[in-house]
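**Q** The structure is given below, and queries will be raised subsequently.
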Amino acid sequence: MIYLDYTAHMPPSEEALQAFCQAERSLIGNANAHHAAGETARQQMEAARHKVSELLSVLEEEIIFTSGASESNNTAIQGIVYAARHFGRHIVTTPLEHPSVSGCLTALQERGYEIDVLPVGRDGRIDLDALSAAIRTDTVLVTLSAVDSELGIVQPVEDAARIVHRFPHCHLHIDMTQAVGKIPLDLSLADTAAFSAHKFGGITGSGVLYKKQEIEMEPLIHGGVSTSIYRSGTPAVGLACSLSTALESALRNMTKHNEHVAHLNAMLREELTRRNVRIFSPQDSIPHILNIGVEGIKGTAMRDRLNAHGVCVSVKSACSVENTPSRAVYAITKNRRQAMESFRLSLCHLTTEEEVRAFLEAFDLARKELQS
């Protein structure tokens with residue numbers, strides 16, 4: 001099997017698995033319990049949180065462990081707008097957001113919130129003048145992805161933050177899920193930020209919500225004291241330990257891993273261009289994501305045919321609705337047919353040159369079969 005869907009999921013590293021197993025085997029107490037076993041578990045939980053805060057250069061109390069980016073995005077977005085509802089009910093976003101953001105905003109819209117979607121250029125980046133013009137006195141939130149999951153476009157987060165923070169009642173939420181371990185991170189630019197461990201070698205079911213200390217936010221989960229008032233429930237100590245271990249490894253090896261992935265991306269771009277394949281990901285996207293399309297063939301058909309040849313790729317985000325055009329590709333092309341033809345290859349440091357060559361062989365076969 002040739003696996004080219006690392007943007008959807010990366011298998012946990014051996015280090016992360018060992019950290020998880022060690023914690024789960026040695027810590028028998030509930031970290032919320034007031035006895036010796038609970039105290040030991042609580043100390044390990046706080047040690048994991050301290051490590052994450054150090055790695056990200058933020059305060060310990062600004063780190064909230066969650067089940068993943070979907071929970072973190074929903075908690076931040078809903079928590080901020082509910083807390084700020086006396087200032088306004090207007091939210092600004094982009095057409096490139098993950099379903100855990102866009103779906104959350106749709107639900108808020110049904111409850112009376114007003115959502116404005118910013119235009120993006122052919123390079124996929126937001127129009128900063130449009131962002132500045134979109135923010136009103138009743139705007140309480142701007143939410144955008146640092147790196148989108150379909151095209152790999154890197155947004156000008158620093159410039160966006162400078163604009164948003166000119167407005168005292170407006171907050172900036174950043175979905176950093178596809179950025180961790182791929183580009184440098186500066187969480188100080190955000191009021192809240194989200195990411196998942198399973199995108200960089202951690203274990204599925206663990207993630208982080210960063211919340212700047214002074215930001216007011218209403219919790220979505222109520223009942224019971226825990227490590228944070230914003231996330232009641234029994235702390236998952238093993239998952240927190242594995243996440244902190246995976247994050248440390250991802251950041252430590254980022255430069256080396258990115259060089260390897262960039263080499264593979266260049267190989268694919270050259271070979272696919274030679275085959276007259278349309279490449280939707282801009283040249284300056286992160287090299288881990290390459291969105292492509294074959295004229296006259298739906299992306300779902302290519303995905304299924306490649307799967308029959310032992311190659312795993314995705315059409316859009318794994319969390320997206322099936323058989324609908326890619327919102328991201330449509331946003332930069334304004335072409336519905338091309339948005340239906342697009343599909344995504346995603347690489348990581350585990351991908352080999354041999355796998356890339358095997359994919360190209362399978363791709364040639366799949367296209368020939370679908371065009372015959």
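The values are calculated or read from the model by the stated rules, or taken from the named source; none is laboratory data. Note that the structure is predicted; figures quoted are calculated from it, not measured. In this analysis, Cβ positions are derived from the backbone assuming ideal geometry, glycine residues included, and neighbour counts consider all displayed protein chains. Calculation scope for accessible area: heavy atoms of the full protein, side chains included, ligands and nucleic acids excluded. Shrake-Rupley method; radii C 1.70, N 1.55, O 1.52, S 1.80 Å.
**Q** Within the stretch 155-184, count every residue that is in a loop (DSSP other than H, G, I, E, B), among the charged types (D, E, K, R) and buried (at least 23 other Cβ atoms within 10 Å of the Cβ).
**A** 1
**Q** Confirm whether LEU290 is touching a residue at least 12 places away in the same chain (Cβ under 8 Å), part of a strand (DSSP E or B), in contact with a Phe, Trp or Tyr (Cβ under 9 Å, 6 or more places away or on another chain) and within 18 Å of LYS182 (Cβ to Cβ).
**A** Yes: the conditions hold for LEU290.
**Q** Filtering the stretch 31-65 down to residues that are among the hydroxyl-bearing types (Ser, Thr, Tyr) and touching a residue at least 12 places away in the same chain (Cβ under 8 Å), which residue is nearest to ALA236 (Cα to Cα)?
**A** Only one residue fits best here, namely THR40.
**Q** For the stretch 313-337, enumerate the residues that are over 12 Å from THR7 (Cα atoms), modelled with pLDDT under 90 and not hydroxyl-bearing (Ser, Thr, Tyr).
**A** VAL321, GLU322, ASN323, PRO325
**Q** Follow-up. Could you tell me which numbered condition LEU243 fails, if it satisfies all but one of (1) open to solvent by less than 30 Å² (accessible area, probe 1.4 Å); (2) more than 21 Å from the chain's Cα centre (by Cα); (3) in contact (Cβ under 8 Å) with a residue 40 or more places away in the chain?
**A** (2)
Matching residues to (1) crowded, with 19+ Cβ neighbours inside 10 Å; (2) of a type outside the set (Phe, Trp, Tyr):
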| residue | (1), (2) |
| --- | --- |
| ILE2 | yes, yes |
| TYR6 | yes, no |
| PHE20 | yes, no |
| SER26 | no, yes |
| HIS34 | no, yes |
| GLN43 | no, yes |
| GLU54 | no, yes |
| GLU60 | no, yes |
| PHE65 | yes, no |
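**Q** From the list THR324, THR351, which residue is of a type in the set (S, T, N, Q), assigned to a loop (DSSP other than H, G, I, E, B) and open to solvent by less than 10 Å² (accessible area, probe 1.4 Å)?
**A** So the residue among THR324, THR351 that is of a type in the set (S, T, N, Q), assigned to a loop (DSSP other than H, G, I, E, B) and open to solvent by less than 10 Å² (accessible area, probe 1.4 Å) is THR351.
**Q** Restricted to the stretch 30-65, and to residues that are touching a helix residue (DSSP H, G or I) at 6+ places or on another chain (Cβ under 6 Å) and part of a strand (DSSP E or B), which residue is farthest from VAL225 (Cα to Cα)?
**A** Selected residue: ILE63.
**Q** I've got another one for you. Go through the stretch 246-261 residue by residue and tally those that are over 20 Å from ILE63 (Cα atoms), open to solvent by less than 50 Å² (accessible area, probe 1.4 Å) and either free of Cβ contacts under 8 Å to residues at least 60 places away in the same chain or of a type in the set (A, V, I, L, M) (or both).
**A** Going through the stretch 246-261 one residue at a time, the tally reaches 2.
**Q** Condition test on THR300, is it out of contact with any helix residue (DSSP H, G or I) (no Cβ under 7 Å at 6 or more places or on another chain) and closer than 21 Å to LYS182 by Cα?
**A** no
**Q** From the list VAL157, VAL120, which residue is in contact with a helix residue (DSSP H, G or I) (Cβ under 7 Å, 6 or more places away or on another chain), farther than 21 Å from ILE64 by Cα and at pLDDT below 95?
**A** VAL120
**Q** Could you list, in sequence order, the residues of the stretch 94-114 that are without any contact (Cβ under 8 Å) to a residue 40 or more places away in the chain and within 21 Å of the chain's Cα centre (by Cα)?
**A** Answer for the stretch 94-114, where residues must be without any contact (Cβ under 8 Å) to a residue 40 or more places away in the chain and within 21 Å of the chain's Cα centre (by Cα): GLY103, CYS104, LEU105, THR106, ALA107, LEU108.
**Q** Do we have any residue at all in the stretch 67-85 that's modelled with pLDDT under 95, farther than 27 Å from LEU247 by Cβ and open to solvent by 50 Å² or more (accessible area, probe 1.4 Å)?
**A** Yes, because at least one residue in the stretch 67-85 is modelled with pLDDT under 95, farther than 27 Å from LEU247 by Cβ and open to solvent by 50 Å² or more (accessible area, probe 1.4 Å).
**Q** Report, by residue number, each residue of the stretch 262-287 that is out of contact with any strand residue (DSSP E or B) (no Cβ under 8 Å at 6 or more places or on another chain), among the charged types (D, E, K, R) and in contact (Cβ under 8 Å) with a residue 24 or more places away in the chain.
**A** GLU271, ARG275
**Q** Still on this structure: Out of all the residues in the stretch 91-139, which are in contact with a Gly (Cβ under 9 Å, 6 or more places away or on another chain), within 15 Å of ALA161 (Cα to Cα) and surrounded by fewer than 21 Cβ atoms within 10 Å (Cβ to Cβ)?
**A** ASP127
**Q** Let me ask you something else. Suppose we filter the stretch 218-276 for residues that are modelled with pLDDT of 95 or more, assigned to a loop (DSSP other than H, G, I, E, B) and over 30 Å from ARG25 (Cβ atoms); how many remain?
**A** Residues in the stretch 218-276 being modelled with pLDDT of 95 or more, assigned to a loop (DSSP other than H, G, I, E, B) and over 30 Å from ARG25 (Cβ atoms): 2 in total.
**Q** Please count how many residues of the stretch 262-277 are buried (at least 18 other Cβ atoms within 10 Å of the Cβ) and either among the polar types (S, T, N, Q) or closer than 14 Å to PHE200 by Cα (or both).
**A** Residues that pass the stated criteria total 1.
**Q** Right, another one. Is it true that some residue in the stretch 156-178 is touching a residue at least 40 places away in the same chain (Cβ under 8 Å) and among the polar types (S, T, N, Q)?
**A** yes
**Q** Here's something else I'd like to know. Quickly run through the stretch 66-85 and pick out the residues that are within 19 Å of the chain's Cα centre (by Cα) and not in a helix (DSSP H, G or I).
**A** Residues satisfying the conditions are THR66, SER67, GLY68.
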